[in-house]
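What follows is a set of notes on a single structure, which appears directly below.
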Amino acid sequence: MLREAGYSQADIDKKVTQTYQALFEGPNRIYFEVGDSMAYVSDLKNHDVRTEGVSYGMMIAVQLNKKEEFDRIWRWSKKYLQHQEGPLKGYFAWSLNPATMKRNSEGPASDGELYFVTSLLFASNRWGNTTGVNYYQEARNILDAMWKKDGTGDVYNLINTQHKQISFVPVGDMYNWTDPSYHVPAFMEVWAEYAEDGHESFYRACADTSRAFLHRACDPVTGLNYDYTEFGGKPHATKWAPPAFRYDSWRVPMNIAMDYVWFGKDKAWQEQYAQRFQEFLRSKGINTFEDQFNVDGSRPNFILQAGNVKKLRHSLGLVATAASASLIRRNTNELDFVHALWRAKLEPYEDGYFDPYYDGILYLFSLMHLSGKYQAIKPQQR
């Protein structure tokens, strides 16, 4: 799509490479090596390491063929975050303080495991399983552990098996509601294709259920969704914020675009969705739209802070995911969001706020999607 928008392949490759280097090697990097064989990705503004970040780092590494970085992040995550015994065995503690190496929480957040499994399956397909890490076996270890969770210790399957939807957290009552940005039907299709664990039809059913869920969860006018919802798509209130479209929700358009490009099983609705979503943001000013909304498009009374900063802004992360939605609209010439992404810069805002972690990763993901460098990686040989 970046080529279609008029940019040269050399310039596209350069921008992807420079963004990767900024996140993994530069002075404001989020990737930190430990010893000679491990590394982690840190959410700098929240002073922690999250399964979201390390698993995103693995996905970036496998897509861009960075095997050493992938292996380093996986070894660190397995050693410091993955439970090796007890009711949570196989799952990952979602947050750890890298200064003290103490876990902030023992429990998992289901999207971390979602990305771990998918990136490990892609690594198995790309690099095979005889180069130091048996990626396929590591993916299966997580999935096989998941299928053993029966409520013992109040721990459950990552996917609510009754509703065929990913849980917010597979522990306690949080098993009974969801996060729309954790609905990545493309990844469920990948599991059905490559996990080979006997649950193929279930994963495909989950992909279809997620597509139907997203129809309900996304507002029919604005395309916006709540950060957290019931399985039916209605808002789920939490103790930390009233329901609205906030940081988690930014990921939804990118997930829908990925499903559209990779599998194309819900094209008619996805095309309508992308048009609604981009039209709404366009109505707020393509260079000025803010980053939190009520789902009807109005400004929320409550602003959720990022780190210790509480402010609405024109955030790079949402600019990025809005641009990725352009992949869904191949029959139009409206590439204004793609050009907006190209003009955007991974640098501090005017007030000094800078988030190379969340803004930066979503920016790199979008550049990868729009350049064709984010693919469903098929096996070289099996």
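The values are calculated or read from the model by the stated rules, or taken from the named source; none is laboratory data. Nothing here was measured: the structure is a model prediction, and the numbers come from that model. Ideal geometry is used to build each Cβ from the backbone, glycine not excepted, and the neighbour counts take in all protein chains shown. Surface areas here come from the heavy atoms of the whole protein model, side chains and all, with no ligands, DNA or RNA. Shrake-Rupley method; radii C 1.70, N 1.55, O 1.52, S 1.80 Å.
Details
- Any hit, region 51-73, residues being open to solvent by 80 Å² or more (accessible area, probe 1.4 Å) and assigned to a helix (DSSP H, G or I): yes
- Scope region 215-230; condition open to solvent by less than 50 Å² (accessible area, probe 1.4 Å), more than 20 Å from the chain's Cα centre (by Cα) and either farther than 18 Å from Q278 by Cβ or not acidic (D, E) (or both); matching residues: T222
- Any hit, region 236-243, residues being modelled with pLDDT of 95 or more and aromatic (F, W, Y): no
- Any hit, region 74-86, residues being assigned to a helix (DSSP H, G or I) and surrounded by fewer than 16 Cβ atoms within 10 Å (Cβ to Cβ): yes
- Of everything listed in (1) in contact with a strand residue (DSSP E or B) (Cβ under 6 Å, 6 or more places away or on another chain); (2) surrounded by fewer than 16 Cβ atoms within 10 Å (Cβ to Cβ), the single unmet condition for N333 is (1).
- Looking only at region 261-272, and only at residues there that are under 12 Å from L327 (Cα atoms) and not small (G, A, S), the one that is least open to solvent (accessible area, probe 1.4 Å): Q270
- Filtered residues of region 196-214 (kept if open to solvent by 10 Å² or more (accessible area, probe 1.4 Å), touching a helix residue (DSSP H, G or I) at 6+ places or on another chain (Cβ under 6 Å) and under 14 Å from P185 (Cβ atoms)): R204, R211
- Filtering region 87-105 to residues that are touching a residue at least 24 places away in the same chain (Cβ under 8 Å), over 21 Å from Y156 (Cα atoms) and not in a loop (DSSP other than H, G, I, E, B) leaves L96, N97.
- For region 269-308, a residue qualifies if it is in contact (Cβ under 8 Å) with a residue 60 or more places away in the chain, of a type in the set (G, A, S) and not in a loop (DSSP other than H, G, I, E, B), and exactly one does: A306.
- Pair list, Cβ under 7 Å, 6 or more apart: region 6-22 residue over 18 Å from F32 (Cα atoms), other residue in a helix (DSSP H, G or I) and open to solvent by less than 70 Å² (accessible area, probe 1.4 Å): Y7/W342; I12/S371; K15/L367; V16/L367; V16/M368; V16/S371
- Just so you know, in region 90-114 the residues that are under 19 Å from M188 (Cα atoms) and of a type in the set (D, E) include one that is surrounded by the most Cβ atoms within 10 Å (Cβ to Cβ), and it is D111.
- Evaluation of A39 against the conditions (1) surrounded by 22 or more Cβ atoms within 10 Å (Cβ to Cβ); (2) under 27 Å from A186 (Cα atoms); (3) among the hydrophobic types (A, V, I, L, M, F, W, C) shows that the sole unmet condition is (2).
- Residue list for region 197-237, filter: in a loop (DSSP other than H, G, I, E, B), without any contact (Cβ under 8 Å) to a residue 12 or more places away in the chain and of a type in the set (D, E, K, R): K234
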